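One structure follows; several queries about it will come next.
Just so you know, all these numbers are worked out from the coordinates, no wet-lab data involved. If you're wondering where the values come from, they're calculated on a predicted model, not measured in any experiment. Here Cβ is always computed from backbone atoms with ideal geometry, including for glycine, and neighbour counts include all displayed protein chains.
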Amino acid sequence: MSKLTRWDSKDESKRLPIYQTKASLIQAVKDSTFLVVIGETGSGKTTQLPQYLFQAGFCKDGKIGITQPRRVAAITVAQRVAEEMQCTLGRQVGYQVRFDDCTSQGTVVKYMTDGCLLREILADPVLSQYSVIVLDEVHERSLNTDIVLGLLKKNFSNPAQATKGRSFPLKVVVMSATMETEKLSAFLDNCCIFSIPGKMFPVTCTFGSAIGPKDTESTTYVKEIVKTTLDVHTSEMAGDILVFLTGQSEIESACDLLFKKAESVDYRYDVHDQTVEGLLILPFYGSMPTDQQRQIFQPPPAGIRKCVVATNIAATSLTINGIKYIIDSGFVKQLNHNSRVGMDILEVVPISKNEAQQRAGRAGRTSAGKCFRIYNKEFWEHCMPEYTVPEIQRTRLTAVVLTLKCLGVHDVIRFPYLDCPEERFILEALKQLYQFDAIDRRGRVTRLGELMVEFPLYPGLTRAVLKATSLGCQDLLLPVAAMLSVENIFIRPGDPDKQKEADEKHRALSTKSGGMNDFATLLTVFQSCKSSDRPSAWCKDNWVHWRALKLAFSVETQLREILLRLQRKDFPIETFDGNKSELLRWCLCAGYFTNVARRSVGKVFCTMDGNGCIVNIHPSSLLSEQKAELDWIIFHDVIVTSRVYIRTLCPIHYEWVKDLLPKLHEVNVYELSSVAREEVTDEEMIKWEKRKAAKRQPEVCNEDA
Ligand code: ADP
Ligand code: MG
């Protein structure tokens, strides 16, 4: 029997359902401007279609760009395709995700996140370097994919317009798992739908009894997941297991428990199959090192059962071969706008029924499978919605509205959305842009707004960076912005003794930074590590993630490059005559005055943005022990569990935000609705000012408020 090597992937790819349709698929792309391609997950859309187009000569005039909503998917798939095309990653086949560009002059097949494509559209609206754009995973309905979809429809629907500024027409292929295809085709001028025939095997789904509507605690369902996994391992025939959980820490604790318990399992020999001896446990989440991610796709050693414990990434973005059993927690981590705190928050929520079907489907790709839902029927009926709400209808739109405005789309309400966001969300975005001085009262992008749009950061953070640059102290803010853009840098060991040691090291870093300021601590960590002779050893010694810091160094360089490019143009200059040691916090206020809180009774704080939400300092903040000494503070983010926690914060003086806070109440969102529709005329502006003067209220915030 021949040994299966990596290079057999060519033969492997011929076995994929898409291979049968190769010629007609290429023809369909040739024949149309827009094309919708649908097929079951794992049929070969993401890895094969770009290769077919490459072979058919589509790269003669320009590149093939393929978007993914998730950065890990973009990277992993590009690696796979580079392998299949037998080239070095970054040459002919490459990828680009936020802060990581692995492409070169010669790259013709480029995988990227949808956010990266949106940035490219900003720089070159007709995408003149591309011959084909493939929007992948459209059924995920990520915010950026939805916006790009609208822009492509707007710019390329009309054939005359479609070639404007281009020497040849652009082809747009929209790929989706089998969902909402009619709607997609109708949206894209009733374009053709190309369907990849694929056979799905039956999957039997069973409900558990332990998890009901009230059992939403992570530790509760993680325990149940572990128990179910071991049950499946000991009682089911050979076949790999895929477990769905919500995020890194949960996945790691599930894997730890599995490791511990698996050793004590009395493995049963199955009469039909003698290979069930051991369990190979593999975690899989977005921020995992890439070399570990590759293991997921390798077949397990003979006689061993593979068990991948993953986030939703394994639902449709990436297909793992050999999965026969699914264990579904019923939860997912999702970014949602929380009106109570007025911010977007990553929260753990029940998945939709539709999503649960997708997850189950992963077990029936190559043979019949089983799906074990750990939740009961009551949970299914009362907690799980039918469909997942598209991101555009549940998150803050500030950044995309600014992008649209910069692209000349003034009428942000009548923009072609596949599903319209609520008008209130658009108005909120405009209000925030106005507060950050990114647009004026007429909805026109200001000079500052044009600078802000260039940064792939949260707009408030960009505002603070720009403030610092105007004052000539960008060296303070750029490292902080970089550190806030990478995953958590502080290691929190599970062992209590080690935890104590880590806490002490972290506290020392805080003291070194002057104490009482989480942002300054980030700056100190960045600078201390960077100036160290052996930075990785420094990290180990201080219980800091070296990988996250390495990334932060690279992010800082990239942000600096953007800034240098912008500084060549006329850049506003300001002066600061306060105390130099307060400069960092002062600049932060320019972007974080929307996140101001003041100590209320006891140890809790109250936000000042009009929501008056009661918040607590998260125990991971180095300031959590000093609550009593704090009065006014600004914070970077919020976590909601049974309480609302703020994380990464620093104290400020009321005077610093005194003039900014009224901005939070200056415009009523509804006053912005004409701004949302189109640019406001002089006449309307006068009417508005008059109305405003008549309604003017006393200052909302003063020192005694
Ligand atoms: P689709 O996009 O239709 O869901 P894909 O093109 O992602 O399908 O997957 C096609 C096949 O390629 C699957 O069998 C999958 O397991 C395999 N594959 C994709 N990425 C990798 C990888 N990084 N390593 C090994 N196999 C992979
Ligand atoms: Mg795919």
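Could you check the simple spin-label distance between K30 and D11, using points 7 Å along Cα→Cβ, in nm with one decimal?
3.1 nm
Tell me, in nm to one decimal, what length is gained between S339 and T681 on full extension, where the rule is 0.36 nm per residue of separation less the Cα-Cα distance?
Result for the pair: 119.9 nm of gain on full extension.
Could you name the aspartates and glutamates whose alpha carbon sits less than 16 Å from that of K530, not counting residues in the same chain fewer than 8 places away?
D475, D541, E556
How long is region 58-114 along each principal axis, judged by its Cα atoms, biggest number first, in Å?
Sorted largest first, the three principal extents are 28, 22, 17 Å.
I would also like to ask the following. Where does each of C116, C205 land when they are ranked from fewest to most other beta-carbon atoms within 10 angstrom?
Lowest count first: C205, C116.
Sorting R15, R396 on the 10 Å Cβ count, fewest up front, what's the list?
In increasing order of surrounding Cβ atoms, one gets R15, R396.
Which of the aspartates and glutamates could a cross-linker span from K260 if the Cα-Cα distance has to be under 19 Å and same-chain partners fewer than 8 positions apart are dropped?
Those aspartates and glutamates meeting the cut-off are E224, D231, E250, E252, E277, D495.
Please work out the Cα convex hull volume for region 125-263 and give it in Å³ per residue.
Hull volume over Cα atoms, normalised by residue count, gives 198 Å³.
If each DSSP helix of 4+ residues adds -39,500 (n - 2.57) and the sum is divided by the residues in the chain, what number results at 222 nm, nearest 500 deg cm²/dmol?
After summing the helix terms and dividing by residue count, I get -12000 deg cm²/dmol.
Along Cα→Cβ, 7 Å out, is where each label goes; now give me the distance between the ones at E381 and H653 in nm to one decimal.
Modelled inter-label distance: 6.3 nm.
Can you tell me which lysines have their Cα less than 20 Å from the Cα of K467? Leave out same-chain residues fewer than eight positions away.
Reachable lysines: K431, K569, K580, K658, K663.
Let me ask something else about it. Viscosity 1.002 mPa s, temperature 20 °C: Stokes-Einstein D of region 9-195 from its Kirkwood Cα radius, in µm² per second?
Value of D from the Cα-based Kirkwood radius: 132 µm²/s.
Another question, if that's okay. How big, on average over all directions, is the shadow cast by the Cα convex hull of region 8-103, in nm²?
So the Cα hull casts an average projection of 6.6 nm².
Of K333/K627; K63/K333; K223/K498, which sit over 32 Å apart, Cα to Cα?
K63/K333
What number, in nm² with one decimal, is the all-direction average of the projected area of the convex hull of the alpha-carbon atoms of the chain?
Over all viewing directions, the chain projects a mean Cα-hull area of 33.6 nm².
Separation between the T219 and K261 pseudo-spin-labels, each 7 Å from Cα along Cα→Cβ, expressed in nm?
About 1.6 nm, to one decimal.
Next up: Give me the Kirkwood hydrodynamic radius of region 524-604 in Å, from all C-alpha pairs, to one decimal place?
It is 16.3 Å.
Where the convex hull is taken over the Cα atoms of region 203-392, what is its projected area averaged over directions, in nm²?
11.3 nm²
For the charge dipole of the chain, defined by +1 on Lys and Arg C-beta atoms and -1 on Asp and Glu C-beta atoms about the Cα centroid, which residue among N376, V134, S581 has the Cα displaced farthest towards the positive pole?
About the Cα centre, the residue reaching furthest to the positive side is V134.
Another question about this same structure. Taking the Cβ of each residue in H382, H545, H618 as the centre, tally the other Cβ atoms inside 10 Å and list the residues starting with the fewest.
Placing the least packed residue first, the sequence is H382, H545, H618.
Hey, another quick one. Just need the relative contact order of the chain here, percent rounded to a whole number, with Cα pairs under 8 Å and 6+ apart.
After rounding, I find 11 percent.
If you don't mind, there's one more thing I want to ask. Rounded to the nearest 0.05, what FRET efficiency do S209 and N579 give with R0 = 60 Å and r taken as the Cβ-Cβ distance? Could you check?
In this case the efficiency is close to 0.45.
Long-range amide H contacts for G369: which residues qualify at under 5 Å (H placed 1.01 Å from N, peptide plane, sequence gap of 5 or more or a different chain)?
V203, T204
If Lys and Arg each add +1 and Asp and Glu each add -1, what is the summed charge of the other residues whose beta carbon sits under 13 Å from the beta carbon of P69?
Here the charged neighbours net out to -2.
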